[in-house]
Each structure stands twice: as C-alpha cells, then as structure tokens.
Amino acid sequence: MDNLELLKALFLGLIEGLTEFLPISSTGHLILFGHLIDFQSDSGRAFEVIIQLGAILAVCWLYRQKIVDLLKGFFSGDIHARRFAVNVFLAFLPAVVIGIFAVDFIKQVLFSPLVVACALIIGGLIIFAVEAKEFKPRTIEATDITFKQAILVGFAQCLAMIPGTSRSGATIIGGMLSGLSRKAATEFSFFLAMPTMLGAATYDLIRNASVLSSDNMMNIAAGFAAAFIAALLVVKALVKFVEKHTLRVFAWYRVILGVVLLIVFL
C-alpha cells in the first residue's frame, strides 16, 4: 500500500466533506485538488462516488430523526409528510431526466479546470446579485415548501451538473429566488441531496464496479471516513450560519478562487 496515496485519499475525502454542502462546488474542488496533488487511483470515478456517499450519509445521520418522523407520517397518512415527500420527488425529477441524457457529455467535455474556474466566478456573481435584493421570504420552514417552489429548485439543481457550479449553491439560491428563507432553502437542499446523490452514486458505482479491488479499498475507505466526519461538522455549522448571515462570504471565495485558477491554468 502506498502511504502517500493514502494521505492523498484522506485529503480529498476531507475536501469532499468540507465542500459538498457549502455553495462552493465539491466536484470543482476535487477536480482542482486532484490535479494539484496528482492523485493516482485505479478506482477513478468510483473513488469520487464513494467519498460523496460518505458526505451524504453524514446528512442522513444528522437528520435521521426527521427522516424517521417523515416516514412515519407518510405511511400513517399525515398530509404534511406526504406533501413534503412529493416535493422532494418533484425537485429530484429534473436531474434524473436531464442527467440520463447529458451525463456522458458533461463528464467528457466539461470536467476541466477552466470550466470549473468560469463556473466558480459566474456562480459567485449570481450569489452577489441575489443577496443584493431586498426580499421577504414567503416560506420560512422547509416542510412548508410549495409544489411550484420544489420544481423550481429541481431545475436549479440541474445547473450543478456543470462542474464548479455547486449543487448546494444552485439549490439554495434557486430556493431563495422562489421565496424560501435561507434556512428553509438550505434544509430543503440537504433533503434533496439524499435521493439525488444516492441515485447518482448507485448509477456510477454500477458503471464502475469493475475497478474496485482489495488493492485500492484502503484508500477508498480512508476517503469515505474523512468525508463523513468533515460533512458532519459542516452541515451543522452551515444551518446555524445561514440563520444569521448572508452567503456573500462564499461568493467572495468563489470569485477569488476562480480568478486565481484562470491565471494558473490559462
């Protein structure tokens, strides 16, 4: 086992966990840092998928009681629980439909540092523009989201297929533009991440299962654990942060990082 590659796997797992639920693009950071540290893994895409699973399972763990309560309510006929489940499904659908037809094109053409840099900058400018608006949210709690708002968030999520855009950033900003409070948009983004990322991970693992072996399992396990632990810390902190602060700090980070990357890679 290569100890250096193990450390790189731990580092990338940490990056995934720290960035997956912040509006700064985890995929973009993995592409960039993977280039910078020259991470060599026979597992390739499977490694990325499994560390993303580590991050999403952290959200499932943190929201386990809410998930259980919603499931109980859904099967007992509670109208609010059923409406929320339908909303998550409606928001999930656009990514499924578009992803099936566009996934190969996106991975072959758009996975490059230059695309990431441009998406980071554009996304940062959009966050600045949205935060500059004076608006009163119509929906304060994620469980009160309407069908229309859910569909709008779902289409916003599709933009995150472009590396550097950020799934959480697109869904949070899309939610805010549809009338959700920052906290409601953030929490709905977390719930939407569960079927979206679990579905994408399952699809990618099936396609890449042949590259998994005992030789690379230690690196994969290390990255998974690092992503899980880092995401546990970030998710709690982000919910508290958005209750009192705007997203401008993330916009500044995106723009500055994007400009630096353009300078480095052009």
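The values are calculated or read from the model by the stated rules, or taken from the named source; none is laboratory data. Computed from a prediction, not measured in an experiment: that's the story for all the values here. Reconstructed Cβ throughout: ideal geometry from the backbone, glycine too, with neighbour counts over all protein chains shown.
Kindly evaluate ILE145 against the criterion of being among the β-branched types (Val, Ile, Thr), touching a Ser or Thr at 6+ places or on another chain (Cβ under 7 Å), farther than 16 Å from PHE21 by Cα and buried (at least 20 other Cβ atoms within 10 Å of the Cβ). Considered against the rule, which asks whether it is among the β-branched types (Val, Ile, Thr), touching a Ser or Thr at 6+ places or on another chain (Cβ under 7 Å), farther than 16 Å from PHE21 by Cα and buried (at least 20 other Cβ atoms within 10 Å of the Cβ), ILE145 comes out as yes. If the condition is being more than 18 Å from the chain's Cα centre (by Cα) and surrounded by 14 or more Cβ atoms within 10 Å (Cβ to Cβ), then segment 126-137 contributes PHE128, VAL130, GLU131, PRO137. Considering the conditions (1) surrounded by 15 or more Cβ atoms within 10 Å (Cβ to Cβ); (2) within 27 Å of PHE89 (Cβ to Cβ), PHE241 is excluded by exactly one of them, (2). Looking across segment 12-54 at every residue that is modelled with pLDDT under 85 and of a type in the set (Gly, Ala, Ser), the one that is nearest to LEU257 (Cα to Cα) is identified as GLY28.
Contact map, segment 77-102: residues that are touching a residue at least 24 places away in the same chain (Cβ under 8 Å) and of a type outside the set (Gly, Ala, Ser) paired with residues that are part of a helix (DSSP H, G or I) and surrounded by fewer than 15 Cβ atoms within 10 Å (Cβ to Cβ), Cβ distance under 8 Å, separation 6+ or inter-chain. Pairs shown: VAL86/PHE147; ASN87/PHE147; LEU90/PHE147; PHE92/GLY199; VAL96/GLY199.
Of note, ALA200 does not satisfy the criterion of being of a type outside the set (D, E, K, R), surrounded by 19 or more Cβ atoms within 10 Å (Cβ to Cβ) and within 23 Å of GLY258 (Cβ to Cβ). Looking at ILE173, ILE206, which is the one that is more than 12 Å from VAL88 (Cα to Cα) and out of contact with any helix residue (DSSP H, G or I) (no Cβ under 6 Å at 6 or more places or on another chain)? Being more than 12 Å from VAL88 (Cα to Cα) and out of contact with any helix residue (DSSP H, G or I) (no Cβ under 6 Å at 6 or more places or on another chain) holds for just one of ILE173, ILE206, which is ILE206. Scanning segment 233-252 for residues that are more than 16 Å from ALA185 (Cβ to Cβ) and more than 17 Å from the chain's Cα centre (by Cα) turns up VAL249, TRP252.
Could you look through segment 87-105, keep only residues that are of a type in the set (A, V, I, L, M) and touching a Phe, Trp or Tyr at 6+ places or on another chain (Cβ under 7 Å), and pick out the one that is surrounded by the most Cβ atoms within 10 Å (Cβ to Cβ)? Once the filter is applied, the top-ranked residue is VAL88. Among the candidates ALA209, ALA200, ALA193, which residue alone is small (Gly, Ala, Ser), over 18 Å from the mean Cα position of the chain (by Cα), modelled with pLDDT under 95 and under 20 Å from GLU48 (Cβ atoms)? Checking each option against the conditions leaves just ALA209. Scanning segment 76-84 finds one or more residues that are hydroxyl-bearing (Ser, Thr, Tyr) and surrounded by fewer than 19 Cβ atoms within 10 Å (Cβ to Cβ).
The set of residues from segment 25-35 being β-branched (Val, Ile, Thr) and crowded, with 23+ Cβ neighbours inside 10 Å comprises just one member, THR27. Pairs meeting the criteria (first residue in segment 1-17 and assigned to a loop (DSSP other than H, G, I, E, B), second residue polar (S, T, N, Q), beta carbons under 9 Å, at least 6 apart or on different chains) are MET1/ASN219; ASP2/GLN40; ASP2/ASN219.
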